[in-house]
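K.L.:
The structure under discussion is supplied below as structure tokens; questions concerning it will follow.
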Amino acid sequence: MTESVVASRMIRGRCYQIDTDQSRLDITLVHEFLANCSHWARGIPIDVLRRAIAHSLVFGLYCDSAQIGFARVVSDRATFAYLADVFVVAEQRKAGLGQWLVETILAHPPLRELRRWLLVTKDAKSLYLRCGFSELCPDSFYLERFDPAVYARGLHRSERRVYSPGETATERRPLWSR
């Protein structure tokens, strides 16, 4: 087992692994699933996905070296983590692999002592409850700033412009051009 393989098990003669090595990821599979099969990242451009992966701790789920699942964590690695983009391909579901993936992530040494974990789910609530997550307490609110059209507009990192505070619309010039 290499250093980046954080968990391994044999199931019915097949070797399953969870690996944190970004270079092992099948980016095509991850992109295909997130962009076309997920409800939370539908349409995500591959360059945005690559940037998200580069700035996250990733967990690839593999069966006999072929990638079958994925998750990523955004964290300060001191107090907080956000679990995102968790999936297992349809052909491999109902075998407990999603729960194993999440439990492995929660037990991962750089993350296991965090005070707060967050995630958002539409259809996997029971999975996360089994892994120790709970609903927000009644006096807490989940707030978000969500822009569902950002991918359609194509405003990716290289195209965003930063303007000086107080500029009027006619005076606006990107800060980098001054």
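K.L.:
When the helix-only estimate is applied to the chain (DSSP H runs of n ≥ 4, each -39,500 (n - 2.57), divided by the residue count), what is the mean residue ellipticity at 222 nm, nearest 500 deg cm²/dmol? Spell out each step's value before the answer.
P.N.:
On the way: 5 runs with 40 residues, N = 178.
Mean residue ellipticity at 222 nm (helix-derived): -6000 deg cm²/dmol.
K.L.:
Between the alpha-carbon centers of segment 1-74 and segment 122-140, tell me the distance in whole angstrom.
P.N.:
Value for the Cα centre distance between the two parts: 23 Å.
K.L.:
Can you run phi through the Karplus equation (6.51, -1.76, 1.60; θ = phi - 60°) for segment 40-55 and list ³J(HN,Hα) in whole Hz, with x for Gly and Pro?
P.N.:
With coefficients 6.51, -1.76 and 1.60, one gets 8, 10, 3, x, 4, x, 4, 5, 5, 4, 4, 5, 4, 5, 4, 9 Hz.
K.L.:
Would you order 102, 74, 58 from fewest to most other beta-carbon atoms within 10 Å of each residue's own beta-carbon?
P.N.:
74, 58, 102
K.L.:
Find the relative contact order for segment 5-134 and round it to a whole percent, using C-alpha pairs within less than 8 Å whose residues are 6+ positions apart.
P.N.:
20 percent
K.L.:
Among 28, 67, 96, pick out the residue whose Cα is farthest towards the positive end of the charge dipole of the chain, where Lys and Arg carry +1 and Asp and Glu carry -1 on C-beta, about the Cα centre.
P.N.:
Checked the options; the winner is 28.
K.L.:
Long-range amide H contacts for residue 67: which residues qualify at under 5 Å (H placed 1.01 Å from N, peptide plane, sequence gap of 5 or more or a different chain)?
P.N.:
none
K.L.:
Would you please give the residues with an amide H less than 5 Å from that of residue 118, counting only those at least 5 places away or on a separate chain, with H modeled from the backbone geometry?
P.N.:
81, 82, 83
K.L.:
Any chance you could tell me what percent of the C-alpha pair distances in segment 5-134 go past 18 Å?
P.N.:
Percent of Cα pairs beyond 18 Å in segment 5-134: 52.
K.L.:
Taking Cα atoms, how many degrees apart are the long axis of helix 97-107 and the longest axis of the chain, rounded to 10 and kept between 0 and 90?
P.N.:
Compared with the principal axis, the helix lies near 70 degrees.
K.L.:
Further question: Taking H placed 1.01 Å from N in the peptide plane, check which residues at least 5 places from residue 6 or on another chain put their amide H under 5 Å from its amide H.
P.N.:
It is 18, 19, 20, by chain and number.
K.L.:
Give me a comma-separated list of calculated 3J(HN,Hα) values for segment 131-138, in order, Karplus coefficients 6.51, -1.76, 1.60 applied at θ = phi - 60°, integers in Hz, x for any Gly or Pro.
P.N.:
Result, rounded to whole Hz: 8, x, 6, 9, 5, 4, 5, x.
K.L.:
Right, next: Using each residue's phi in segment 28-39, evaluate 6.51 cos²θ - 1.76 cosθ + 1.60 at θ = phi - 60° and report the 3J(HN,Hα) Karplus result to the nearest Hz, with x for Gly and Pro.
P.N.:
Running phi through 6.51 cos²θ - 1.76 cosθ + 1.60 with θ = phi - 60° gives 4, 4, 4, 5, 4, 5, 5, 6, 10, 10, 8, 8 Hz.
The numbers here are math on the coordinates, done by the rules we state, and not lab data. Remember, it's a predicted structure, so these values are computed and weren't measured experimentally. Methodologically, a virtual Cβ is constructed for each residue, glycine included, from the backbone with ideal geometry; neighbour enumeration extends over all protein chains shown.
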